[in-house]
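Input: a single structure, listed below in structure tokens.
The values are calculated or read from the model by the stated rules, or taken from the named source; none is laboratory data. Everything quoted here is computed from the prediction, not taken from an experiment. Here the Cβ positions follow ideal geometry from the backbone for every residue, glycine too, while neighbour counts run over all protein chains shown. Quick note on the areas: whole protein, heavy atoms, side chains included, nothing else; ligands and nucleic acids left out. Shrake-Rupley method; radii C 1.70, N 1.55, O 1.52, S 1.80 Å.
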Amino acid sequence: QETLTGKYGEEAKLIYELQDQGGELLALRYDLTVPFARYLAMNKITNMKRYHIAKVYRRDNPATTRGRYREFYQCDFDIAGQFDPMIPDAECLKIVHEILSDLQLGDFLIKVNDRRILNGVFAICGVPESKFITTCSTVDKLDKMPWEEVRSEMVGEKGLSPEAADRIGEYVQLHGGLDLIERLLQDPKLSQNKLAKEGLGDMKLLFEYLTLFGITGKISFDLSLARGLDYYTGVIFEAVLLQQENDHVEESVSVGSVAGGGRYDGLVGMFDPKGRKVPCVGVSIGIERIFSILEQRVKASGEKLRATETQVLVATPQKDLLAARLKLISELWDAGIKAEMFYKKDPKLLKQLQYCEDTGIPLAAIVGEQELTDGVVKLRDVATREEVRM
């Protein structure tokens, strides 16, 4: 359990805690990033580039229609190691862009921000440093609720002064591209803040690389993006799907975020006895979220999706021919052909052919008494009903 605690901030309450029979305190992993950092530290690995697809667990309120579960798959890609600024970061964004384009999920937007810029904004707006992280998690809710509600949470629950909240509001509602970065670099207050200036400098560099990758069309520098996790130290990003305006779908799902990530330079050091740091940047794709969209798309289009890849059903027209089916299917399996048969001794031929039609199996290999005598198999094309003896 101690591996996970103290790494996530406010989200820690969603960690699944368990106790084993020996009284040891355990927990299910909350994401794949913290275990990755622990692995790097324990094995003294200073650079690595890897992907990892596995289950993670969160004691969240499930919303299965939107693809929110308590047990779900994440698909992570990370680059660890000491490199020049923003080169690996740009590659992570390129990968997210590539994946979301290839899946053809419709229009998407990748929002990008930097923790240092946010902290700089908080500092010049008069937020005490002890409240940076909790203010961050409040700002992170801007995509789900209007600024008025976020403001009242800042003042009411987080104890910020109304003046500080209003000043923050002027910044966190901004979004744009290189032009906005240039404008903020000229901002008299923000440019005086060391952290923000560093962050903006890197953001400018990042946008130059993203321009070279040719993907800035889908990328927005968005000051409201905060990401609720504590371990981010620099660039943060999140990919959201934009709602398609659909006439024929009554309830179009707002799935929200399908991928997120950022730079976490301090995490490996937390696990290293000597505190040696390994800079890392990574991204995580939520598979169930994407599946829920793909499923809805299939439903809306009315097309039938095949649930199996079976190429041929081995069928028999009369009784007492189970042996013939078993022999034939064994030959097909050995030849690497995807074949199925009914698990009944004497199925009716009509049922077997109907099954092919229902599941979209294209071919039926039929062996009856006549075929056995002649040493042939009748191959039937299920769709056209044409038959050939072979």
Open item on the list: Exposed loop sites here are GluC sites (Glu not before Pro) in DSSP loop states with at most 13 other C-beta atoms within 10 Å. What is the longest stretch of the chain lacking them?
Closed with: 25-156
Task: Relative contact order, percent, the range 116-176 [alpha-carbon distance under 8 Å, six or more residues apart] - done: 36
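If you count only protein heavy atoms with a 1.4 Å probe, what accessible area per residue comes out for the chain, rounded to a whole Å²? Write down the numbers at each step before the final one.
Working: 20900 Å² over 390 residues.
So the chain comes to 54 Å² accessible per residue, rounded to a whole number.
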Open item on the list: Take residue 211 and residue 98, extend 7 Å from each Cα along the Cα→Cβ direction, and tell me the distance between the two endpoints in nm.
Closed with: 2.3
TODO: May I ask for the net charge around residue 174, where only other residues with Cβ less than 15 Å from the Cβ of residue 174 are counted and Lys, Arg are +1 while Asp, Glu are -1?
DONE: -4
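If you average the sequence gap of Cα pairs under 8 Å that are 6 or more apart and divide by the length of the chain, what percent do you get for the contact order? All intermediate terms of the calculation are to be shown ahead of the outcome.
On the way: 681 pairs, mean separation 67.0, N = 390.
Relative contact order here is 17 percent.
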TODO: Please report, in whole Å, how far the alpha carbons of the range 2-132 spread along each principal axis, starting with the longest.
DONE: 47, 44, 38
Task: Theoretical gain in end-to-end length, residue 384 to residue 53 [0.36 nm per residue, Cα-Cα removed] - done: 115.0 nm
Open item on the list: Set the bar at 26 Å for Cα to Cα. Now go through 111/144; 13/218; 111/131; 13/299; 44/197 and name every pair that lies beyond it.
Closed with: 13/218; 13/299; 44/197
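Length gain on complete extension for the stretch residue 343 to residue 370, per 0.36 nm per residue less the alpha carbon to alpha carbon distance?
7.5 nm
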Open item on the list: 7 Å from Cα along Cα→Cβ at both residue 307 and residue 295: what's the point-to-point distance in nm?
Closed with: 1.3
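Of all the accessible heavy-atom surface of the chain, with the other protein chains kept in place and a 1.4 Å probe, what percent is carbon and sulfur?
On the way: 10850 of 20900 Å².
Percent of accessible area from carbon and sulfur atoms in the chain: 52.
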Task: the chain: most fluctuating residue of 358, 76, 31 per GNM, C-alpha cutoff 10 Å - done: 358
Task: At 1.567 mPa s and 4 °C, Stokes D of the range 71-115 from Kirkwood alpha-carbon radius, µm² per second - done: 103
Task: Intensity falloff of the range 144-195 expressed as log10 I(q)/I(0), Debye formula with alpha-carbon point scatterers, at q = 0.21, 0.22, 0.32 Å⁻¹ - done: -0.85, -0.89, -1.16
- [ ] Among 35, 279, 362, determine the one that fluctuates most according to a GNM of the chain built with springs between C-alpha atoms less than 10 Å apart.
- [x] 362
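From the P(r) of the range 294-344, could you give the percentage of C-alpha pairs in the tail past 11 Å?
Working: 929 of 1275 pairs.
Everything past 11 Å amounts to 73 percent.
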Open item on the list: For the range 312-389, compute Rg over Rh where Rg is the Cα radius of gyration and Rh is the Kirkwood radius from the inverse mean 1/r over Cα pairs.
Closed with: 0.92
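Can you name the helices of the chain, as whole DSSP H runs, whose Cα span along the helix axis is 24 Å or more and whose Kyte-Doolittle mean is not below 0.0? The partial results should precede the final answer.
Values: long enough: 194-213 (29 Å, 0.35).
Qualifying helices, which must be both long enough and hydrophobic enough, are 194-213.
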Task: Cα-only radius of gyration and Dmax that characterise the chain, units Å - done: 28.1, 94
TODO: For every other residue with a beta carbon closer than 13 angstrom to the beta carbon of residue 4, add +1 if it is Lys or Arg and -1 if Asp or Glu, then tell me the sum.
DONE: +1
Task: Charge-dipole axis of the range 1-99 as Lys and Arg at +1 and Asp and Glu at -1 on Cβ define it, positive-most pick from 40, 77, 21 - done: 21
Task: Cα centre as origin, Lys/Arg/Asp/Glu Cβ charges: the range 1-160 dipole, Debye - done: 140
Task: Relative contact order computed over the range 312-389 (Cα-Cα under 8 Å; 6+ residues apart), in percent - done: 33
Open item on the list: Per 0.36 nm of contour for each residue apart, how much would the distance between residue 130 and residue 327 grow if the chain were fully extended, relative to their Cα-Cα spacing?
Closed with: 63.6 nm
